[in-house]
Amino acid sequence: MNENNVKEYSVELKPKSGMAMLILLIFAELAAIAGFVLSAVFIERHTALLIAPMIIFGVVGFLVIPILMCGLRSLRPNEAYVLTLFGEYYGTLYGPGFFYVNPFSTAINPAAEKVLERAAVAAATEATSKGTTATVNVSSSKRISLKEITLNNDKQKINDQLGNPVMIGTVVIWHVVDPAKAVFNVDNYVDFLSTQCDAALRNIVREYPYDESDEGDEKSLRGSSLEVAQRLKDEIQCRVSVAGIEIIEARITHLAYATEIAAAMLQRQQASAIIAARKLIVDGAVGMVEMALERLEENKVVELDDERKAQMVSNLLVVLCGNDSTQPVINTGSIY
């Protein structure tokens, strides 16, 4: 979504003190009750013109003050209210504290409503299977949490750059930085984030092989985990900025070949390891043979012709490169 087409919200409210308004409304309610009682006591001793205002004040107090008390709202640390007034955005209330706002304003949080709907559907399904009555114990809070939240999506099967199916799981740490955008720009910012994380992960995984090639100069999912995590974070951040969400960290928590090719890939890795080990052993053995021949010639211990040198090289390579220990054969006669 183009950022220029997104309406900027984030109007921070400067509300009145909720405690002061609460005390004022309590005194007003007590005054209304006292006026109504006094009007009933003195109704026979005074004229209707004196009693009527007291009765009207008491009745209005009973009706209006409870409505005014609807404007009292409290917030805990790292929480916010997104308020609307008759369908229009009214402002964002940040905590913590006890505040008084327009009593006709309404707090909205689509994510909490979705959670309540899902809980109700799950409870109804379970109750139907058991033949009991459905009960929902999830509270639909209208507060928007600004705390850091961990999103741990299910593992996905994705094809890497070489087309091999890979099982990969990620964890994303995020928080809401613009509650109004989170409420108005997307239907449900939690589901929106989860979907965008899955889409970004698929795009990133398709650009890397699972493991590096034999040359070792290619970046891979297993060998370049830090770079992949940073690219994943940037990709998700670009997608969810419209919802007023900031990505703090994104990293891979699970990485493995899919079940159908895991055995074959394990054999391939074992074969590569064996070949690399054999190559190292052969390189070391050749170096040791060269060193032995040079030392014999320098110290003039024995003079060997080409045939004897070839035989000595063969014997040394067998001893040095063999898997099992060799059994020496001692020659008690002449070497010729």
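Tabulated values for the structure
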| item | result |
| --- | --- |
| Subset of the range 217-249 (residues that are touching a residue at least 60 places away in the same chain (Cβ under 8 Å) and in a loop (DSSP other than H, G, I, E, B)) | 221, 244 |
| When residues of the range 3-28 are limited to those that are modelled with pLDDT under 80 and part of a helix (DSSP H, G or I), the one surrounded by the fewest Cβ atoms within 10 Å (Cβ to Cβ) | 4 |
| Residue match in the range 186-193 (condition: assigned to a loop (DSSP other than H, G, I, E, B) and among the hydrophobic types (A, V, I, L, M, F, W, C)) | yes |
| Residue in the range 151-188 that is farthest from residue 107 (Cα to Cα), counting only those that are crowded, with 22+ Cβ neighbours inside 10 Å and under 13 Å from the mean Cα position of the chain (by Cα) | 170 |
| Some residue of the range 323-335 being surrounded by 10 or more Cβ atoms within 10 Å (Cβ to Cβ) and modelled with pLDDT under 70 | yes |
| Some residue of the range 230-250 being over 25 Å from residue 181 (Cβ atoms) and of a type in the set (D, E, K, R) | no |
| Residue within the range 283-304 that is open to solvent by 70 Å² or more (accessible area, probe 1.4 Å), at pLDDT 70 or above and touching a helix residue (DSSP H, G or I) at 6+ places or on another chain (Cβ under 8 Å) present | yes |
| Odd one out for residue 265, checked against (1) in a helix (DSSP H, G or I); (2) at pLDDT below 70; (3) open to solvent by 60 Å² or more (accessible area, probe 1.4 Å) | (3) |
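The values are calculated or read from the model by the stated rules, or taken from the named source; none is laboratory data. Bear in mind that the values here come from a model prediction, so they are computed numbers and not experimental data. Ideal geometry is used to build each Cβ from the backbone, glycine not excepted, and the neighbour counts take in all protein chains shown. Keep in mind that these areas ignore ligands, DNA and RNA; they rest on the heavy atoms of the full protein, side chains included. Shrake-Rupley method; radii C 1.70, N 1.55, O 1.52, S 1.80 Å.
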